[in-house]
């Protein structure tokens, strides 16, 4: 398993992945610390952003350290159990992030369109329910996918030309008819992706309608900047997820799949904190307060 040795410049790719992983660790770790420690950020929006940072941190850590160490040690192997565990964790974290992004869009909709009722609709119990629902539903879905995928006999080549254990590349190694299961993966992929995506699009459409009716140009600018950064994250995540789990297998090829996998397991977790929060004045102010408190 692995793609680094198959690339044209494996050392350069390994170095790039390592730098991006360290960036993801640092940025997400700082964001988790700041939101947890600074009481001024103990509001629903940052509660959900903290969960996103946690998911990104775990997601990239499921894949990246093993890929880099395998390249450095020249040992690109993974056990059957290790492959199943990696698949389960990746599917769980990806599914949880899928649902969380929809909840975050709803949070912004309530904050901008119904500001007077914000703390009613987004009270702590509701926030905890959203987070719990994302984790539980994603875990159940990942468990079903993993068990069913790994029950196939893999009697062909055991070489996975892929960054991690995922459904599409594993099914190519199965020596059984997987057409029905591929259809099931497609249907479930659409079912799991479309409702959250519809929620996100609807929320931001309503937000834009409200924003354009605002009398204050400063309020408009702040809302548009916040929404545009959120939509960048959504576009990166759903674009990659749609390519991997909704497009028919006939449209997949190993090179494209590996680029997409690198994007959502390494690049996106590194960029999300920078796009979502670390450009935010509130977060930067909180970061200065926290660092000043612990470093002085």
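Yes/no per residue for (1) under 30 Å from residue 154 (Cα atoms); (2) surrounded by 14 or more Cβ atoms within 10 Å (Cβ to Cβ); (3) in contact with a helix residue (DSSP H, G or I) (Cβ under 6 Å, 6 or more places away or on another chain):
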| position | (1), (2), (3) |
| --- | --- |
| 39 | no, no, no |
| 45 | no, yes, yes |
| 53 | no, yes, yes |
| 71 | yes, yes, yes |
| 79 | yes, no, no |
| 84 | yes, yes, yes |
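For residue 234, are the conditions met, namely being within 27 Å of residue 281 (Cα to Cα) and surrounded by 15 or more Cβ atoms within 10 Å (Cβ to Cβ)?
Against the criterion (within 27 Å of residue 281 (Cα to Cα) and surrounded by 15 or more Cβ atoms within 10 Å (Cβ to Cβ)), residue 234 qualifies.
Residues to consider are 58, 52; find the one that is part of a helix (DSSP H, G or I) and free of Cβ contacts under 8 Å to residues at least 40 places away in the same chain.
58
Being modelled with pLDDT of 85 or more, buried (at least 18 other Cβ atoms within 10 Å of the Cβ) and either out of contact with any strand residue (DSSP E or B) (no Cβ under 7 Å at 6 or more places or on another chain) or outside any helix (DSSP H, G or I) (or both): is that true of residue 33 here?
Answer is no for this residue.
Report whether or not residue 192 is assigned to a helix (DSSP H, G or I), modelled with pLDDT of 80 or more and exposed (fewer than 14 other Cβ atoms within 10 Å of the Cβ).
The answer is no for residue 192.
Quick one: which of 225, 144 is out of contact with any helix residue (DSSP H, G or I) (no Cβ under 9 Å at 6 or more places or on another chain) and surrounded by fewer than 16 Cβ atoms within 10 Å (Cβ to Cβ)?
Unique residue meeting the criteria: 225.
Of the conditions (1) part of a helix (DSSP H, G or I); (2) touching a helix residue (DSSP H, G or I) at 6+ places or on another chain (Cβ under 6 Å), residue 94 fails just one. Which one is it?
(2)
Residues that are at pLDDT below 85, over 20 Å from the mean Cα position of the chain (by Cα), surrounded by fewer than 22 Cβ atoms within 10 Å (Cβ to Cβ) and part of a helix (DSSP H, G or I): does segment 13-29 have at least one?
Within segment 13-29, one or more residues are at pLDDT below 85, over 20 Å from the mean Cα position of the chain (by Cα), surrounded by fewer than 22 Cβ atoms within 10 Å (Cβ to Cβ) and part of a helix (DSSP H, G or I).
Tell me which of these residue 78 doesn't satisfy, since it passes every other one: (1) under 21 Å from the mean Cα position of the chain (by Cα); (2) not in a helix (DSSP H, G or I).
So the condition that residue 78 fails would be (1).
What residue, among those in segment 97-136 that are surrounded by fewer than 18 Cβ atoms within 10 Å (Cβ to Cβ), in contact with a helix residue (DSSP H, G or I) (Cβ under 6 Å, 6 or more places away or on another chain) and within 18 Å of residue 226 (Cα to Cα), is modelled with the highest pLDDT?
Ranking the qualifying residues of segment 97-136, first place goes to 118.
Here's the yes/no breakdown for (1) touching a helix residue (DSSP H, G or I) at 6+ places or on another chain (Cβ under 6 Å); (2) more than 24 Å from residue 80 (Cα to Cα):
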{"residue": "166", "(1), (2)": "no, no"}
{"residue": "175", "(1), (2)": "no, no"}
{"residue": "178", "(1), (2)": "yes, no"}
{"residue": "184", "(1), (2)": "no, no"}
{"residue": "196", "(1), (2)": "yes, yes"}
{"residue": "201", "(1), (2)": "no, yes"}
{"residue": "212", "(1), (2)": "no, yes"}
{"residue": "216", "(1), (2)": "no, yes"}
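For residue 25, which of the numbered conditions (1) under 22 Å from residue 226 (Cα atoms); (2) in contact (Cβ under 8 Å) with a residue 12 or more places away in the chain fails to hold?
Status for residue 25: all satisfied but (1).
The values are calculated or read from the model by the stated rules, or taken from the named source; none is laboratory data. What you see is a predicted model; the values in this text were computed from it and never measured. Here the Cβ is made from the backbone with ideal geometry for all residues, glycine too, and neighbour counts use every protein chain on show.
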